[in-house]
Amino acid sequence: MEGVQMHRVLIGTVVAWCVTLPRPATAQQREPLSVGEVTAAPGAAASGYLRVPPAAGDNGTDIPITVVHGPQPGPVVAIVAGVHGSEYPPMLAVQVLRRHLVPRELRGSVILVHCANPPSFFARTVYYGPLDRQNLNRVFPGAADGSVSYRIADALIREVVSPADVLVDVHGGDANEALTSYAAIMLTGDTARDARTRLLGNALGFPRLIENKLPVPIPTPARYLTRAAAAMGKTSLAIESGELGRRDIQYVQPIVDGLLNLLRAASILPGRPTAYSQRQRYASNETVASPVTGVLWPRLRLGERVVKGDTLAVVTDWFGQQAAVILSPNDGVVMYQAVTPPISAGETVAAVGVPLPGDAR
Ligand SMILES: [Zn+2]
């Protein structure tokens, strides 16, 4: 956070958001909102499960969700935690957020996914699901007849993303990763949608913002949840907060605060949103993978500035002999890095954020 000046100013962006989204005719005509078998009446919240039935030799899973349905029409925001089951602050933050949402105050609706990947959560796995060894955030949009990760992805796309106008996918560093918190927005070149996406991305309030310009058309399969949502025409954002299997409030509270401010900026919650005029903006987050399997020795610290070719980490064999040197792929800032010793060939060692021109600091 060093060197970051955060100025809070009020903004008049609420009206701009309101006029860009269609609003159904009257409150009297408002129907209940159902997600899977969970149905919330207007002005009420309901919690339950999105069922992923047994198939393909596994027992399936039940995804815990909450539907908060305002009495007045407005945008639908889907907030997904726990795609990676050992990233805990997002899941804790969504529990806290649920307590903050008063259904009768909402103009619109919020769909909360408390944990998208219960098999990974309970098996405490990093990256991969325990049943099919798939990374859930590489298999979107999923498949109804696939292994459990594919079926989870399919259920989320059909039931959670489809009815939403806005998708926020909330992650953190996985249990082996140190991470400096940031938000990310998915830009597709659609001027109006990109403006809304920037507005909501700024409202999240994280001092670092990655502005991902997605290739258009978005390649299929999209693989990532945020890309799949963007390909469906949704306003798509991500949060990264938390690291190393920790659950500290310092990682949880910014997620809660950011999501509440996003809901104000989308005019779903009453009150004027706070805007943050100073962001460290990045054009991309370039990951670098290990070419070998071995024992990882990080050489740089999180948040440190690097230039292309700087040594990020060294991988040794079991006996301490150097097997690979991992170099920074570009000038930038170390946004996250694997810090626990195990590393397999092809796994990410670090990600280096590339500052937007004029945003370097
Ligand atoms: Zn993740």
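Rule-based calculations on the coordinates, nothing more; no lab input. Note that this is a predicted model, so its numbers are computed, not measured. FYI the Cβ positions are ideal-geometry reconstructions off the backbone, even for glycines, and counts take in every protein chain you see.
Some points to look at:
- The chain: angle of helix 249-265 to the longest principal axis, Cα-based, in degrees nearest 10: 40 degrees
- Across region 287-301, coupling constants 3J(HN,Hα) worked out from phi with the 6.51/-1.76/1.60 Karplus curve, θ = phi - 60°, read 8, 10, 9, 7, x, 9, 9, x, 10, 8, 10, x, 10, 10, 9 Hz, and Gly and Pro carry x.
- The mean of 1/r over all distinct Cα pairs in region 233-303, once inverted, gives the Kirkwood hydrodynamic radius of 16.1 Å.
- Ranking Pro273, Ala123, Pro254 by how far each Cα lies toward the positive end of the dipole of the chain (charges on Cβ) leaves Pro273 at the top.
- Placing R0 at 56 angstrom, the Cβ-Cβ distance between Ala143 and Arg104 gives a FRET efficiency of 0.90 after rounding to 0.05.
- Calculated on the alpha-carbon coordinates, the convex hull of region 71-155 measures out at 91 cubic angstrom per residue.
- Ranked packing of 164-175, 116-127, most packed first, by mean Cβ within 10 Å: 164-175, 116-127
- Computed lengthening from Gln321 to Ser34, 0.36 nm per intervening residue step minus Cα-Cα distance: 97.6 nm
- For the options Ala78, Ala184, Ala56, a Gaussian network treatment of the chain with springs between C-alpha atoms closer than 10 Å singles out Ala56 as fluctuating the most.
- Using the empirical formula 2.2 N^0.38 Å as the baseline, the Cα radius of gyration of region 122-258 reaches a ratio of 1.07.
- Rounded to the nearest 20, the size of the Cβ-charge dipole of the chain about its Cα centre is 960 debye, with Lys and Arg at +1 and Asp and Glu at -1.
- Mean sequence separation of contacting Cα pairs (under 8 Å, at least six apart), scaled by the length of the chain, corresponds to a relative contact order of 16 percent.
- Rg/Rh (Cα only; Kirkwood hydrodynamic radius) as it applies to region 250-346: 1.17
- Couplings for region 178-186, taken from phi via the Karplus curve 6.51 cos²θ - 1.76 cosθ + 1.60 with θ = phi - 60°, read 8, 8, 9, 4, 7, 10, 9, 10, 9 Hz in order; Gly and Pro are left as x.
- As a length-normalised measure over Cα pairs under 8 Å and 6 or more apart, the relative contact order of region 34-145 settles at 27 percent.
- For the chain, alpha-carbon Rg over 2.2 N^0.38 Å: 0.98
- In this structure, the amide hydrogen of Gly172, modeled 1.01 Å from its nitrogen in the peptide plane, lies closer than 5 angstrom to those of Ser241, counting only residues at least 5 positions away or on a different chain.
- Selection among Gly60, Val35, Thr191 by position relative to the dipole of the chain gives Thr191 as farthest towards the positive end (Cβ unit charges, Cα centre).
- Rounded to 10°, Cα long-axis angle of helix 88-100 versus longest principal axis of the chain: 20 degrees
- Ordering of 213-219, 88-94, 281-287 by burial proxy (mean other Cβ atoms within 10 Å per residue, highest first): 88-94, 281-287, 213-219
- Mean Cβ neighbour count within 10 Å, used as a protection proxy, ranking 226-237, 299-310 highest first: 226-237, 299-310
- Report summary: the helix-based calculation at 222 nm, which adds -39500 (n - 2.57) for every DSSP H run with n ≥ 4 and divides by the residues of the chain, gives -6000 deg cm²/dmol.
- Dipole size of region 285-343 about its Cα centre, with +1 on Lys/Arg Cβ and -1 on Asp/Glu Cβ: approximately 80 debye, rounded to the nearest 20.
- The charge dipole of region 217-281, taken about its Cα centre with unit charges on the Cβ atoms of Lys, Arg (+1), Asp and Glu (-1) only, comes to about 200 debye.
- For the pair region 288-309 / region 183-222, the C-alpha centres are spaced 27 Å from each other.
- Between Ser344 and Ile249, residue separation times 0.36 nm minus the direct Cα-Cα distance comes to 31.1 nm.
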